Protein chains: 2
Amino acid sequence: MSTSLQLRSLVKSSGQLELSLVEVPIPEPGADEVLVEMQAAPINPSDLGLLIGPADVARASVVGAGATAVVTLPIAEPAMRALAARADASMPVGNEGAGKVVAAGTSPEAQALLGKLVALNGGATYAQHRIAKAADVMPLPEGASAVDGASCFVNPLTALGMIESMRREGHTALVHTAAASNLGQMLVKLCIADGVGLVNVVRNAEQAKMLKDIGARYVVDSTSPAFVDELTNAIAETGATIAFDAVGGGRLASQILWSMEAALNRKATAYSRYGSSVHKQVYIYGGLDTRPTELAHSFGLAWGINGWLLPLFLAKVGPETADRLRARVAAELKTTFASHYTAQISLAEALEPQVIAAYHRRATGEKYVIVPTKTA
Amino acid sequence: MSTSLQLRSLVKSSGQLELSLVEVPIPEPGADEVLVEMQAAPINPSDLGLLIGPADVARASVVGAGATAVVTLPIAEPAMRALAARADASMPVGNEGAGKVVAAGTSPEAQALLGKLVALNGGATYAQHRIAKAADVMPLPEGASAVDGASCFVNPLTALGMIESMRREGHTALVHTAAASNLGQMLVKLCIADGVGLVNVVRNAEQAKMLKDIGARYVVDSTSPAFVDELTNAIAETGATIAFDAVGGGRLASQILWSMEAALNRKATAYSRYGSSVHKQVYIYGGLDTRPTELAHSFGLAWGINGWLLPLFLAKVGPETADRLRARVAAELKTTFASHYTAQISLAEALEPQVIAAYHRRATGEKYVIVPTKTA
């Protein structure tokens, strides 16, 4: 049986994270399965938890080179306690990606995909090959490359999921933080297309300009001295009562709830000691700021803060809604949902300390894609 | 037209809170209304926000005496900003109470209540008289005094609302903090009667003993050195995935979510980097700790923290459920829902600085009831 390279992340109970490429057998697809030669898999913020976790990227050391390199990064003792459940288990990485179907099972559905480019998700995409159920892959539209289709799932479905959550819960406009991200740019385009009010919160003037250039109407810079007033004004104008927050830590979520409450109270006709009865919601879907979230409770009693995770959202809304959202992604893959990559890197390059430092920085607008077919 | 005394709380834009009794006309009841001579109205923690707010009770000064006393308490400048909406508006106070129907409108429903003892809620109960819709009052059961029925609404419906929320949202057991309160004792009795698992979090050994004495099975003392382990064990044994928290500030809500996640992970068979997919919920319904809430995000992504307020809950579940809960309160008024009062005070006594200091302390197990018919 021939073998193929797969990137692995291993937390050792001795307190190190080890990244390496391992040779794994290339499996035969079952009747309803396909074998995909992976050609592109993005490094999303949501991949970094499993790939790097709390390990110290500044102190990486390497033994070997190229495909046989083994990178070791230290993990501080307190962080190790949270990782007990994965200690000493070598884990494949990569939430999503795209590639070519090079073998297929006997079922007509699987056979129909032979030779086609498909996108897939569900883990282990940082590899040269991956098995998938024929029903779980998404054939790419005509003219789309594997790199075009590599980020079909996480960002596009998250952006669509935000609007879907907003509508299901009875809100009519939303706030988005870290809004200059790839995901944030998709959301700007979607909200323009769908006529949904969107308040974009960014962290500098350059990001604000970039979003304005692609048509964003409300952009608020959190480093502005008048940030809270500007946020409250934008929320009052759009009527936003739900927010999706990638920052997580610190006081931003609390500030957003405060601004929503202040915007609602501008319209209030009588004093209520419990504050507005309109429900104000923040979903935290990322943790760019790893400090604790601080809630100041100055926003009445009709509020909620929840974690938000794409797989849980898709399970909640059910397959019919999920299929509808996926169909929109396929239809708008090269327009609304186009991703832009800073660099295409090989599996071996993904283990080089300076490359790790670059993709681990999560700089807004920077995004790396692993191209397992690349050899260099 | 004759007049009657009503307690008022007035925030002056000059930075003082003024408490006084004012003479107000006794209104004629409309066709579907009754006039209630108020005989008992409790001072709940939820009343103190409107009554005292952030004013400094240690620096109260009094002019006049008895029914004509005017008490002035200073309010610090930062706190004044949050009170702008009620500045210079004299506000009646008191969420609930009970008394005797001394006049009734022409409708048969109103006439049927004449001479009866009834409980009511909705504000302005710290007064000698109050008008209410006949449909909104609850006749007290045979043998119950006005003092027995004074706390029919806030605590009993909150305790029942917690269990109702738990069931509606698919949980099977719950955690309650500040569990030695009047409300907490009702919840212990209810959970025993209904066979619902309950984890009681208290703040000292005396409170723990008191709850054990009335039959509580799981009582955890937050000052115990092994608090987190004991909480996690109790949560694991009951399967609690929802909590009602009266503390609000600090790290308690975060610790509860952490313990729920840890309890769920004890049963997990495989590592998930996103944590358990079981939703963990904390409802904050009080603010005994006025510091910000700190969330450490060490409990996966399937979690929510929400404000919880009785009127919003009742509006959400609708009149049928609200009526079912109210009927249970009436049936168990002298057993499950019996309240115990530290002291019965007159309207005039409620303005005395040392009495204000006593009811403002919100000591667990201490509760004051205003008896407007009391003259002394």
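Each value in this text was obtained by applying a stated rule to the coordinates, not by laboratory testing. Everything numeric in this text was worked out from a predicted model, so none of it was measured. Cβ: placed from backbone, ideal geometry, glycine included. Neighbour counts: every protein chain shown.
Pick from segment A:150-183 the residues that are part of a helix (DSSP H, G or I) and in contact with a strand residue (DSSP E or B) (Cβ under 6 Å, 6 or more places away or on another chain): which of them is nearest to residue A:248 (Cα to Cα)? Within segment A:150-183, the match that is nearest to residue A:248 (Cα to Cα) is A:162. Report, by residue number, each residue of segment B:188-239 that is more than 28 Å from residue B:267 (Cα to Cα), among the aliphatic types (A, V, I, L, M), touching a strand residue (DSSP E or B) at 6+ places or on another chain (Cβ under 8 Å) and crowded, with 17+ Cβ neighbours inside 10 Å. Across segment B:188-239, the qualifying residues are B:208, B:211.
The set of residues in segment B:133-149 being buried (at least 18 other Cβ atoms within 10 Å of the Cβ), part of a strand (DSSP E or B) and more than 21 Å from the chain's Cα centre (by Cα) is empty. The set of residues in segment B:93-112 being of a type in the set (Val, Ile, Thr), in a loop (DSSP other than H, G, I, E, B) and farther than 22 Å from residue B:45 by Cβ consists of B:106 alone. Just one of the listed residues (B:261, B:206, B:230) is part of a helix (DSSP H, G or I), acidic (Asp, Glu) and within 11 Å of another protein chain (Cβ to nearest Cβ), namely B:261. Just to be sure before I move on: is residue A:268 touching a residue at least 24 places away in the same chain (Cβ under 8 Å), within 8 Å of chain B (Cβ to nearest Cβ), surrounded by fewer than 19 Cβ atoms within 10 Å (Cβ to Cβ) and of a type outside the set (Phe, Trp, Tyr) in the structure I sent? Criteria not met by residue A:268.
Within segment A:74-121, if we keep just the residues that are closer than 14 Å to residue A:136 by Cα and β-branched (Val, Ile, Thr), the residue that is farthest from the other protein chains (Cβ to nearest Cβ) turns out to be A:101. Residue-level analysis places residue B:326 outside the set of residues that are closer than 30 Å to residue B:71 by Cα and more than 8 Å from chain A (Cβ to nearest Cβ).
Tell me, yes or no, whether segment B:300-308 has at least one residue that is small (Gly, Ala, Ser), over 19 Å from the mean Cα position of the chain (by Cα) and more than 14 Å from chain A (Cβ to nearest Cβ). No. Residues that are in contact (Cβ under 8 Å) with a residue 40 or more places away in the chain, within 14 Å of residue B:305 (Cβ to Cβ) and surrounded by fewer than 19 Cβ atoms within 10 Å (Cβ to Cβ): does segment A:286-293 have at least one? The answer is yes; a qualifying residue exists. When each of B:272, B:339, B:346, B:277 is tested for being under 20 Å from the mean Cα position of the chain (by Cα) and not aliphatic (A, V, I, L, M), the lone residue that passes is B:339. Filtering segment B:274-299 to residues that are in contact with a strand residue (DSSP E or B) (Cβ under 8 Å, 6 or more places away or on another chain), hydroxyl-bearing (Ser, Thr, Tyr) and more than 10 Å from every other protein chain (Cβ to nearest Cβ) leaves nothing. Of the strands (runs of 3 or more DSSP E) contained entirely in segment B:1-92, those carrying at least 3 residues that are buried (at least 17 other Cβ atoms within 10 Å of the Cβ) fall at B:3-12, B:16-25, B:33-43, B:70-74.
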